[in-house]
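Shown next, in structure tokens, is the structure this report addresses.
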Amino acid sequence: MKILVCITNVPDTTSRIAFINNDTEFDKSGIQYVIGPYDDFALARAVELKEELGGTVTALNVGEAYGDPVIRKALAIGADDAIRINSFPKDSFFVAKQIAEVVKKGGYDLVLMGRESSDFNGGQVHGMVGEMVGLPVVSPVMKLDIENGKAKIAREIDGGKEFLEVNLPFIAGCQEPIAEWKIPNMRGIMSARTKPLQVLEPVGDETRISLKKFSLPPEKGEVKMIDEDNVEELVQLLKNEAKVI
Amino acid sequence: MSVLVFVELAAGEVKGSSLEAISYGHALGLGEVTALVLGITDERKMTGLGKYGAQKVLYSDDPKLEKGIIQAYASVVAQVFDKVNASVLVFAKSSLGDPVAANVSVKLGASLASNVVELPETRNGFVVKRSIYTGKAFAEVEMQEDKKIIGIKKNAISLKEDGADASVEKVEIDLSDEDFQVQITSEEKASGEILLPEADVVVSGGRGMKGPENWHLIEDLAKSLGAATGCSKPVSDMDWRPHHEHVGQTGLKVAPSLYIAIGISGAIQHLAGVNSSKVIVVINKDAEAPFFKAADYGIVGDAFEVVPKLTEAIKALTN
Ligand SMILES: Cc1cc2nc3c(=O)[nH]c(=O)nc-3n(C[C@H](O)[C@H](O)[C@H](O)COP(=O)(O)OP(=O)(O)OC[C@H]3O[C@@H](n4cnc5c(N)ncnc54)[C@H](O)[C@@H]3O)c2cc1C
Ligand SMILES: Nc1ncnc2c1ncn2[C@@H]1O[C@H](COP(=O)(O)O)[C@@H](O)[C@H]1O
């Protein structure tokens, strides 16, 4: 089994988001970067499948060099090697093009991604790559087992789940509870230092959307506290002030 | 020029988020609005889409399209986009809509922006505002291509409800075996439930509810408000509630008008899933719970006492 896992390098959820350069650039100062939370589930399942069925796991990131520590973390968790496409991820189309190139050349049996990135929140890249390389896409996947070249999948739908089957190779956008996140152990961290991380230059620079500017939502006002013995007041406020019931 | 809207059904009903997509498509003012309905529903519901701004409804009740298979839906949407000579496709962000639209964008060579929160600004190019960083920021992006696909976030537009009936017509489409490499074998679904991603009011419970046996308190309050029920991650991890109710960074992102959080501490990972709600009410016995900082209204108190009283007060109001 040759598995490719696409990981994003994103600010930890607890990060304060700010912008610089007239609100056209993300402020990286003081930011702690992590593997995208949904991508982390994809990676964990990839490593489990490798342990179960044999094979290799390759981690792929489209991003600049400041993402290398996060890629090393994926190696420490259990990826065998990694590829970084050395470019700022300009838009989903650009990223999908880069991933599609790696998928076409690599002959992977399985391509795992996250359900969505926690910075761009597009939920788009897997669908685009699927069409570019002509492979089926299933997302959001909450359970994935492989038997005799066929995948058995549970996919989340509104109000429940649906069970599917598809032959390998295909592309999945993963989410909980597909696997438990893995925390790298000491041996993993040591071995990650010497595992190969290949840096490749991007193909083309075509994009389909371009950034004008960033902005932040307005600050939340003060919370209005209501006495626990006076729930009627809350009901009145929701009806007459907030007008939401 | 015209606008195509991808409509999703849930148990034969048009999803509320798809009605918003139709209203959005209409408000674009870029020509005739065609709604594409895949799956089985009755004719009356389709003509009724006119009320929200669709002039025309095209449908396919091909049994192969009853379930949402990404490739097959994408192939149909792309064909119909060309057939009606559309320049914009609108859909509501969902676990099906996102990958379908992404696939279609590559087929058509279109610009795609999802998670859009407002109507576009078109004075200088075609610029839409997207929600990013899981609700913590926005990006204004220009859609460069002539063909555009817009995925809207809940509440991106208020529903319009004054149009005339839409004309309804069955659409002929070509489906190939290629489109059906994924086979759906079965489905497990709660019936008659208000869908969480669609709900205008959400009542959510956390570990403070102590156990699944107490969930009737959450459900009764939800019922009195016509709300959907949600939960925090530990609650679904412990199987007190099904996974599809789990809200937050690793779960569902919701954007209701009213979110009521009961016995949830308000960890940042939970807030990431609810920070787009219009109004947040927090009930927690600990006055120091971080959730109060993100709330509009708060009650410090024991959920087991406060929630039944609140349910009664709501019932009294609606009777
Ligand atoms: C990477 C990562 C991702 C995560 N993703 C998510 C996510 O998507 N969603 C999510 O929810 N969490 C997520 N978490 C977990 C999150 O950090 C919190 O641990 C979790 O949200 C806590 O759930 P809780 O508020 O239900 O429980 P607790 O933190 O245990 O809080 C229980 C609350 O109930 C109150 N309480 C107790 N008894 C009563 C009573 N009788 N009446 C009223 N109030 C009472 C307490 O005061 C307390 O505030 C994630 C964590 C990590 C590290
Ligand atoms: N820059 C990137 N590098 C590698 N994988 C990515 C990148 N951006 C997105 N992906 C993958 O595509 C998934 C969906 O991303 P998105 O469409 O941005 O929500 C993510 O969960 C990742 O698995």
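The values are calculated or read from the model by the stated rules, or taken from the named source; none is laboratory data. Everything numeric here is computed off the predicted structure, so don't read it as measured data. Neighbour counts are summed over all protein chains in view; Cβ atoms, including those assigned to glycine, are modelled from backbone coordinates with ideal geometry. Side chains are part of the model used for accessible areas, which takes the heavy atoms of the whole protein and leaves out ligands, DNA and RNA. Shrake-Rupley method; radii C 1.70, N 1.55, O 1.52, S 1.80 Å.
Here the simple spin-label model places points 7 Å from the Cα toward Cβ, and for A:LEU168 and A:LYS105 these points are separated by 2.3 nm. Each of the peptides A:104-111, A:174-181, A:88-95 was scored by the mean count of other Cβ atoms within 10 Å over its residues; in descending order, highest first, they stand as A:88-95, A:174-181, A:104-111. Modelled spin labels at A:GLU201 and A:SER215, positioned 7 Å past Cα toward Cβ, are 3.9 nm from each other.
Taken over the C-alpha atoms, chain A has Rg and Dmax values of 20.9, 67 angstrom.
Candidate cross-link partners of B:LYS107 among the aspartates and glutamates, defined by an alpha-carbon separation under 16 Å and a same-chain spacing of 8 or more, comprise A:GLU131, A:GLU206, B:ASP82, B:ASP98, B:GLU145, B:ASP146, B:ASP174, B:GLU178, B:ASP179. Peptide A:132-139 shows a mean partner chain C-beta count of 4 within 10 Å per residue C-beta.
Modelled spin labels at B:ASP302 and A:GLU51, positioned 7 Å past Cα toward Cβ, are 4.4 nm from each other.
Normalising by residue count, the range B:30-128 has a Cα convex hull of 112 Å³ per residue. Globularity index of the range A:154-245 is 2.08 (Cα radius of gyration / 2.2 N^0.38 Å, N = number of residues). For the range A:139-232, trypsin sites (Lys or Arg not before Pro) are listed when DSSP marks them as loop and at most 10 other Cβ atoms sit within 10 Å of their Cβ; the list is A:ARG193. Legend: translational diffusion of the range B:196-318 by Stokes-Einstein, Rh = Kirkwood radius over C-alpha pairs, 4 °C, 1.567 mPa s; D = 93 µm²/s. When the other protein chains are added to the chain by itself, burial of at least 50 square angstrom of heavy-atom accessible area (probe 1.4 Å, ligands and nucleic acids ignored) affects these residues of the range B:90-120: B:SER95, B:VAL106, B:LEU112. Shape summary of the range B:59-208, radius of gyration then Dmax from alpha carbon positions: 17.7, 54 Å. For the protein assembly as shown, place one equal point scatterer on every Cα, skip the solvent, and apply the Debye formula. What is log10 of I(q)/I(0) at q = 0.07, 0.08, 0.12 Å⁻¹? Calculated log10 I(q)/I(0) at the listed q: -0.40, -0.52, -1.22. Spherically averaged projected area of the convex hull of Cα atoms, chain B: 17.4 nm².
What whole number of Å gives the distance from the Cα centroid of the range A:160-183 to the Cα centroid of the range B:208-275? Value for the Cα centre distance between the two parts: 23 Å.
Principal axis analysis of the Cα atoms in the range B:220-274 yields extents of 27, 23, 19 Å, listed in decreasing size.
Annotation: amide H-H contacts under 5 Å for B:GLU32 (H modelled 1.01 Å from N, sequence separation of 5 or more, or interchain): B:VAL3. Applying both filters, DSSP loop and at most 10 other Cβ atoms within 10 Å, to the trypsin sites (Lys or Arg not before Pro) of the range B:91-172 gives B:ARG123.
Within a 10 angstrom radius of each residue's Cβ in A:172-179, how many Cβ atoms of other chains show up on average? Whole number is fine. Please list the in-between numbers first.
Details: counts 0, 5, 0, 6, 7, 5, 0, 0.
So the per-residue partner count for this stretch is 3.
Taking Cα centroids, how far is the range B:45-83 from the range B:148-180 in Å? After rounding, the separation between the Cα centres reads 6 Å.
The listed residues B:ARG241, A:ARG16, B:ARG207, once ranked by accessible area (1.4 Å probe) with the largest placed first, stand as A:ARG16, B:ARG207, B:ARG241.
Counting DSSP beta bridges with both partners in the protein assembly as shown, what percentage is antiparallel, nearest 5? Could you put the intermediate results ahead of the total?
Working: 41 of 117 bridges.
Given both bridge residues lie in the protein assembly as shown, the antiparallel proportion sits at roughly 35 percent.
I'd like the FRET efficiency for A:ALA18 and B:GLU66, computed as 1/(1 + (r/R0)^6) with the beta carbon distance as r and R0 of 45 Å, rounded to 0.05. Spell out each step's value before the answer.
On the way: r = 47 Å, r/R0 = 1.05.
The pair A:ALA18/B:GLU66 has a calculated efficiency of 0.45.
Can you give the extra length, in nm with one decimal, that the chain gains between B:ALA164 and B:ASP237 once fully stretched, where that is 0.36 nm per residue apart less the Cα-Cα distance? Write down the numbers at each step before the final one.
On the way: separation 73, 0.36 × 73 = 26.28 nm, distance 4.75 nm.
Full extension of this stretch gives 21.5 nm more.
Counting only protein heavy atoms and a 1.4 Å probe, the range A:104-205 has 43 square angstrom of accessible area per residue. When the listed pairs A:LYS195/B:LYS253; A:LYS152/B:LYS83; A:LYS150/B:LYS136; A:LYS213/B:LYS293 are checked against a 31 Å cut-off, the alpha-carbon distance exceeds it for A:LYS195/B:LYS253; A:LYS152/B:LYS83; A:LYS150/B:LYS136. Expressed as a whole percentage, what fraction of the accessible surface of the protein assembly as shown belongs to carbon and sulfur atoms when a 1.4 Å probe is rolled over the protein heavy atoms? Accessible surface attributable to carbon and sulfur in the protein assembly as shown totals 48 percent.
Accessible surface calculations at 1.4 Å, restricted to protein heavy atoms, place the range B:196-318 at 35 Å² per residue. At full extension, B:ASP174 and B:LYS210 could sit 7.6 nm farther apart than now, given 0.36 nm per residue minus the alpha carbon distance. How much accessible area is lost when chains B and A come together, counting both sides, with a 1.4 Å probe, in Å² rounded to the nearest 100? Result for this pair: about 7200 Å² buried.
What's the long-distance tail for the range A:1-86, i.e. % of Cα pairs beyond 20 Å? Let's see the in-between values first.
Working: 1382 of 3655 pairs.
Pairs farther apart than 20 Å: 38 percent.
Couplings 3J(HN,Hα) of the range A:122-135, computed from phi: x, x, 10, 4, 4, x, 5, 4, x, 5, 5, 9, x, 10 Hz, in residue order, whole Hz [Karplus 6.51 cos²θ - 1.76 cosθ + 1.60, θ = phi - 60°; x for Gly and Pro].
Shown in residue order for the range B:25-38 are the 3J(HN,Hα) couplings computed by the Karplus curve 6.51 cos²θ - 1.76 cosθ + 1.60 at θ = phi - 60°: x, 5, 5, 4, x, 10, x, 4, 9, 10, 9, 9, 10, 10 Hz (x for Gly and Pro).
Give the range of the longest stretch in chain B that excludes all GluC sites (Glu not before Pro) found in loop regions by DSSP and having at most 12 other beta-carbon atoms within 10 Å. All intermediate terms of the calculation are to be shown ahead of the outcome.
Values: sites that count: B:GLU161, B:GLU172, B:GLU288.
Result, exposed sites excluded: B:1-160.
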